[in-house]
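The values are calculated or read from the model by the stated rules, or taken from the named source; none is laboratory data. Predicted model only: the values in this text are computed from it and were never measured. Please note: Cβ atoms are built from the backbone with ideal geometry, for glycine as well, and neighbour counts cover all protein chains shown. Side chains are part of the model used for accessible areas, which takes the heavy atoms of the whole protein and leaves out ligands, DNA and RNA. Shrake-Rupley method; radii C 1.70, N 1.55, O 1.52, S 1.80 Å.
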Amino acid sequence: MLVAVLTSAARWNIEQPLLTYTVPEELQDQLRLGQLVAIPYGERLVEGIVWELQADEYLQELGEDVVVRPLHAILDPVPALLPHQRILAEWMAEYYVTALAHCALVMLAPGLMQRSQLVLRLAEEFQAADEETTQGLSLRLRALLGLLQADGEVDIGRIKKMLGQKQAKEMLQELQESNLVVQTPQLSAPKARPRIQRIVRLIAQGEALEEWRACMEQQLQPFAEAEYIHTLPESLPGANKRGVHNLVEPARYNPWALSGATGMLTLVEEDQASLLARHQLAAVDLLVCSVNRNAPWTPNALCKASGLTAAQLRQLVDDNIIAIETLEVRRDPLAGRTLTASQSLQLTADQQRALDCILACCAQTVTYAPDPVLLHGVTGSGKTEVYLQALAAVIAQGKRGIMLVPEIALTTQAVQRVAGRFPGRVAIIHSELSMGERYDEWRRIRAGEVDIVIGSRSALFAPVPELGIVIVDEEHEPAYKQGEFKPTYHAREVAIKIGQILRIPVVLGSATPAVETFYRAEQRCYQLVELPERVGATLPPVEVIDLRNELHAGNTSIISRRLHEELARVLQRGQQAILFLNRRGAASCVLCRDCGFVATCDKCDIPMTYHSTERILLCHYCGKQSKVLHFCPGCKSSGIRYFGLGTEKVEETIRRIFPAARLMRWDRDTARTRHAHAQLLDRFANREADILIGTQMIAKGLDLPGVTLVGVVSADIALNLPDYSAAERAFTLLTQVAGRAGRGAEAGHVIIQTFTPHHFCIETAARHDYHEFYYAEIALRQRYGYPPFRQFVKFTYSHPQRHRCQSEALSLCERLTEWIERLGLLDTDIVGPAPALMERLRGKYRWQMIVRGAGLHQLLRVIDAPGWEIDIVPVIAL
C-alpha cells in the first residue's frame, strides 16, 4: 500500500510536493486521508499529512533501485484535513503560486504541527560509563555524558543553543567517533495541547455517605462539649487561620491563665481529631453544593476553602469518600461574556426577497454550484438579520455555516449577535485568540460540536463537516487579503472556490461592494440582491464643509465652526458623537524648520510619528521607538516642530474645546488586544463616553444606537494615496463611517471636512449613492486598464543591499519581457521595475514591478523567480 504524504520539510519543491511511502500492514486499517503521520525524512523524523493513495504501478515507474521507506506512525486517528480542504489547498497552491505545504498549513490549528529533532542517547554498552571508559575525552564531552546519564536523552538543538553552532558541531563529530552515543530522530510534543485539570469528585453516595458523616459528627462531640476556654495556636496541624475562623467558634485566649492551669487548653488527640473531622465535613459539604452549580473544585482550591492539608485530603480518597480525577478543560473565548438571547425578527419585503434568493441556492440540485449572491444593502438595512435567518435555515437542514467578518473589532459585536441567536453552538476563530483557545475551537469544529464558525479570514479554513453556507460580511474590506505571509490569498476568492467545490451558496454582503464584485454582478456572474432602505430609520443627511473657507474666515483649528456647533448640541442633549480620522498619533512629521531635518526610522526610511500619550516617536511599520526630540540632531537648533494630524491630536483639541466632555480614543494604540476592543465597545455602548475618536476600525459595521453625530475630521488623507483604488477606499470609508449615525430612535447627522469638496468620491458619499460612484469609477478603470479589466500581479524583491535589489529587478524584468513575447501575451505590459513606495522597510530595501494583463497564470507557470514575493491581484498596488 503506497501513500503520497505532504510535509513542510519538502515545501521548497513546488513541482513535486508529495513524497511516497509504504504503509506497514499494522497501520493499513487505521490509515485515513488527511491524517497527521510521522515519516522518515533523511536522518530526521518529520510530520506530514496523508494526501492521496498511490497505485502499485507507481513503484515500477520509480525503478527497482529506488527504496520506498515506510510510515513511522499515525499521530492522530481523526483526519486533520477534510476532503474539500485538500482540493482547496491544491487550487490555492496553483492560483497563488506558492508551495502546497504553505496552503495546507494555514488550515491546521497553530501549534499542532510537531517539530523534528535529533536526540542523543547513550549507547547500550555505555549506559554505566565509568572513569576508565571516558578517559581521554574532553571535559565538555564528559559533562555531556554525565547529563545523558542523568536525563536519559538530550536534544541536539539544546546543545547548539548552549554551545553555539561551531562548538556543538565539533562536539557531535567527536561523539560520533567515540561511539558512546547514538542519534535517534523523534518529534517533539506539539505546542498546542488540551488543558488538563485535576478535580475532586464526591463518590460516596446514599448510606455510605451518611454512615461516614455520622462517624465524623460523633468525633465532634468532645470538642463541642468542652467547657474550658479554647486556644487554637496557629501551628495546629490541619488548621489555618481562615479555615478555623470560618468553621469553628473563634478562639479566646485567657491572658491570666498559667501554663498547665485548669483555665488553659492543652490540646489532646481528641481535639485534633474533632477539628480534622470538622474540616473534612466542610470539604464534603462544599462538594455537595458544587454538584448543582456544575462548578468542580480543584484539590488546591478545596484544601484552601476547607482548611485541609493535601495529606488530609488524600485520607478522604483512601476512605473512598472522594476521588481526584483529571478533566480536560475547554479554553472558551466567550468565557465571562454576557450574551443576550435574541429571536428572529419580522423581515421587510426586501429582506425576505434576499433570504428567498439565498435559500433557493441551498435548494438547487447538487449537480452544479450556485452562483455567489451579492447582498448589497445600505448601512442599517438589516443584512445581519438576513444572515442569521439564512444560517438558521441551513442548520435546520442538518448542515453548518461559516460567517466571516473583516476586523477583530467587528468580531465582538458580530459574535454577540450570532451567539445570542444560537447559544452554545458557535465557535470563534481569529488571530487574537491564544494558541490554546484556537486549538480547542478547532477540535470542537472538527468534531461537529458547533453549527456556526465566525471569525476573521482564517475562520474560512476551519474543518467544518457538512458545510452548507459561507457568508462574507463587508466583502469589500482589504483586511480579507493576506499580504504578509504565503499564501497571499483573498478570503473572498477562497470562499467562492469553497462554494464551487462543495456546491453550496456563498453570500457576499456589503453596503459598498468592491468595484470588482459589483462588476461581476453586472456581468451576471453573481446574483445581485439589494436592500435600498434602512429598517425603521432613514439614512442621515451629510454636510460637506470646505476647509478652505474655514481658513479664509480665520479658523485654523482642525474642528470647523459647523462641527463645533453640532458637537456642542450633541453634548447638551446627552447624545453621543463619533469623530473619525484615518491616522493615529499626535503628529505625523517631526521637522526642523531651520535645516529641514525630518525624523525618520533608520530601518524603514519612513517618517516617525509623535505619540504624545507615551511621549515617544514611533515607526508604525517596524515598531521602533525613539525619544522625543527637543533639538535638531543635524544643526543642533531648537527649531524642531511637530506637524500633521492624528487621533491623539484630535483628542487634545476636543478636550481643550469641551473640557467637560467624556472622551474615548479607539485606535491600534489603545486597542492592542481583542479584550481591549470588547471593553471599548461595551463602555461606549453603555454611555460611559460622549465622544468616540478613532480610526477606520470604528467605521465598519458597528451598531451604536446612541450616536447621532459623525464627524470626519479630514477626508483627504485616504484620497491622496498613489494607488488606483484610492478613490474606492476613500468612498467606502466615508460611506461606512457615515452609516454609524442615526441607527437608533434619534435622527443622525454627518459632517465631512475636506479641502476637495467637489471630488466625485466625496460628492457621491455625501448622497449615499453607491451606484453613481461605481459608474464613474468603473469608467476610469476601463479607460486605464485597471482591475477588473486587467489582472495585476505584483513582484517584490527585498534585500539589505539596494544594489542587489536593483540588479535582481532588472534581471527579472528582462526574463518577463522575453516570456511575454514568446507566449504572445499582446495585452500584457510591465510597470517598473522601481523602488517600492516605502523603499526601505524593516532594514531591507524593496524593489517591485507590476505585470498587467490577462491570462497571467500562463506566464507565472513558466517564469522562475526565486527569492521574489509574488502577490496575485494585490489589494494595494503600491
* **Selection from region 620-655 of residues that are in a loop (DSSP other than H, G, I, E, B), within 28 Å of the chain's Cα centre (by Cα) and modelled with pLDDT of 70 or more** => 624, 646
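Give 755, 773 a once-over and let me know the one that is farther than 30 Å from residue 95 by Cα, over 34 Å from the mean Cα position of the chain (by Cα) and among the aromatic types (Phe, Trp, Tyr).
Answer to the check: 755.
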* Structure fact -> Cβ pairs under 7 Å, 6+ apart or interchain, first in region 823-843 and over 27 Å from residue 857 (Cβ atoms), second β-branched (Val, Ile, Thr), ordered by first then second residue, are 838/606
* **Qualifying positions in region 340-398 - more than 28 Å from the chain's Cα centre (by Cα), surrounded by fewer than 17 Cβ atoms within 10 Å (Cβ to Cβ) and of a type in the set (Gly, Ala, Ser)** => 344, 349, 360, 363, 396, 398
* Scan the strands (runs of 3 or more DSSP E) fully inside region 501-586 and keep the ones with 1 or more residues being among the hydroxyl-bearing types (Ser, Thr, Tyr), at pLDDT 90 or above and closer than 24 Å to residue 725 by Cα. => 506-510
* Members of region 395-438 found to be among the small types (Gly, Ala, Ser), part of a loop (DSSP other than H, G, I, E, B) and modelled with pLDDT of 90 or more, listed by number -> 398
* Answer with yes or no whether residue 836 is at pLDDT below 85, closer than 21 Å to residue 725 by Cβ and open to solvent by 50 Å² or more (accessible area, probe 1.4 Å). => no
* Asked: Just for region 656-691: of the residues that are aliphatic (A, V, I, L, M) and modelled with pLDDT of 85 or more, which one is surrounded by the fewest Cβ atoms within 10 Å (Cβ to Cβ)?
  -> 660
* State which residue pairs qualify: first residue in contact (Cβ under 8 Å) with a residue 24 or more places away in the chain and within 21 Å of residue 687 (Cβ to Cβ) and inside region 644-666, second residue among the charged types (D, E, K, R) and surrounded by fewer than 17 Cβ atoms within 10 Å (Cβ to Cβ) in any location, beta carbons under 8 Å apart, and separation of 6 or more residues or different chains. => 661/655; 662/688; 663/655; 664/683; 664/688
* Positions within region 452-488 being open to solvent by less than 10 Å² (accessible area, probe 1.4 Å), of a type in the set (Phe, Trp, Tyr) and within 17 Å of residue 89 (Cα to Cα), in sequence order -> 461
* Filter region 97-109 down to residues that are within 20 Å of residue 874 (Cα to Cα), part of a loop (DSSP other than H, G, I, E, B) and at pLDDT 90 or above, then give me how many there are. => 1
* To do: Kindly indicate whether residue 806 is farther than 22 Å from residue 516 by Cα and modelled with pLDDT under 90.
  => yes
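Can you tell me how many residues within region 706-722 are in a loop (DSSP other than H, G, I, E, B) and modelled with pLDDT of 80 or more? Break it down stepwise before answering.
Our first condition is that a residue be in a loop (DSSP other than H, G, I, E, B); within region 706-722, this holds for 706, 713-722.
Checking which are modelled with pLDDT of 80 or more leaves us with 706, 713-715.
Residues flagged as in a loop (DSSP other than H, G, I, E, B) and modelled with pLDDT of 80 or more within region 706-722 amount to 4.
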* **Subset tally (residues that are surrounded by fewer than 16 Cβ atoms within 10 Å (Cβ to Cβ) and not polar (S, T, N, Q)) for region 190-219** => 17
* Asked: Can you name every residue in region 69-110 that is buried (at least 21 other Cβ atoms within 10 Å of the Cβ), in contact with a Cys (Cβ under 9 Å, 6 or more places away or on another chain) and farther than 16 Å from residue 871 by Cα?
  -> 88, 89
* Scan region 743-750 and give yes if some residue there is free of Cβ contacts under 8 Å to residues at least 60 places away in the same chain, open to solvent by 20 Å² or more (accessible area, probe 1.4 Å) and touching a Leu at 6+ places or on another chain (Cβ under 7 Å), otherwise no. => no
* To do: Could you please find all residues in region 429-449 being buried (at least 20 other Cβ atoms within 10 Å of the Cβ) and without any contact (Cβ under 8 Å) to a residue 60 or more places away in the chain?
  => 429, 445
* Test set (1) closer than 27 Å to residue 716 by Cα; (2) among the hydrophobic types (A, V, I, L, M, F, W, C); (3) buried (at least 16 other Cβ atoms within 10 Å of the Cβ) - residue 553 fails condition number -> (3)
* Structure fact -> Looking across region 371-390 at residues that are in a strand (DSSP E or B) and among the aliphatic types (A, V, I, L, M), the single one that is nearest to residue 530 (Cα to Cα) is 375
